[in-house]
Amino acid sequence: MPSPVKFQDFVEQLGLEQHQLNTDTLKMALTNTLPVNTQTVFDAVTNHAAPAAANGYTAGGEDVANIWSESGGTATLNGTDITITATAGGIGPFQYIVLYNDTNPSDMLVVYYDHGSTVNLADGESFVIDILTNIFTLV
């Protein structure tokens, strides 16, 4: 997975207790619209236009099953890999993956990732959002 790009407002909202990274539901959503790091809330229609909720893609994205932990003064947000498999017509296009807090009433943004190129999934093809060792760390 590429390096995360932090939404600027996330840092302020973390300090204002708008995110409980161990218990809030964090979701990753696909979009083909380049996110801007000054955006504050997830908007599946305008700012983060997502593929249609069909053909194997869930509206609003998938839960990352996040776990927040700390060791030696470094905090880590972990999650599980997400596999999206296209059915009955395909999914796409998308290039960016947006992580946002679905528990927060405003759906506040956290980070986004740039896949580097546009992806279109044909029927039966899968796309894996590979969390690797963690989503991000704070030191």
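In the set (1) 8.4; (2) 7.8; (3) 9.4, the label that goes with mean projected area of the Cα convex hull in nm² computed for this structure is (2).
With K and R counted +1 and D and E -1, the other residues having a Cβ less than 13 Å from that of Ala50 yield a net charge of -2. Our coupling estimate for the range 36-52, obtained by passing each phi through the Karplus curve with A = 6.51, B = -1.76, C = 1.60 and θ = phi - 60°, is 10, 5, 8, 5, 10, 10, 6, 9, 5, 9, 9, 6, 9, 3, 9, x, 4 Hz, Gly and Pro reported as x. A simple rule links phi to the HN-Hα coupling: the Karplus curve 6.51 cos²θ - 1.76 cosθ + 1.60 with θ = phi - 60°, which for the range 62-71 gives 10, 5, 8, 6, 5, 9, 9, 9, 9, 8 Hz, with x for Gly and Pro. Electrostatic bookkeeping for Thr31 treats Lys and Arg as +1 and Asp and Glu as -1; over the other residues with beta carbon under 14 Å from its beta carbon, the sum is -3.
Only the coordinates and a few stated rules stand behind these numbers; no lab work does. In this text, all values refer to a predicted model and were calculated from it rather than measured experimentally. Here Cβ is always computed from backbone atoms with ideal geometry, including for glycine, and neighbour counts include all displayed protein chains.
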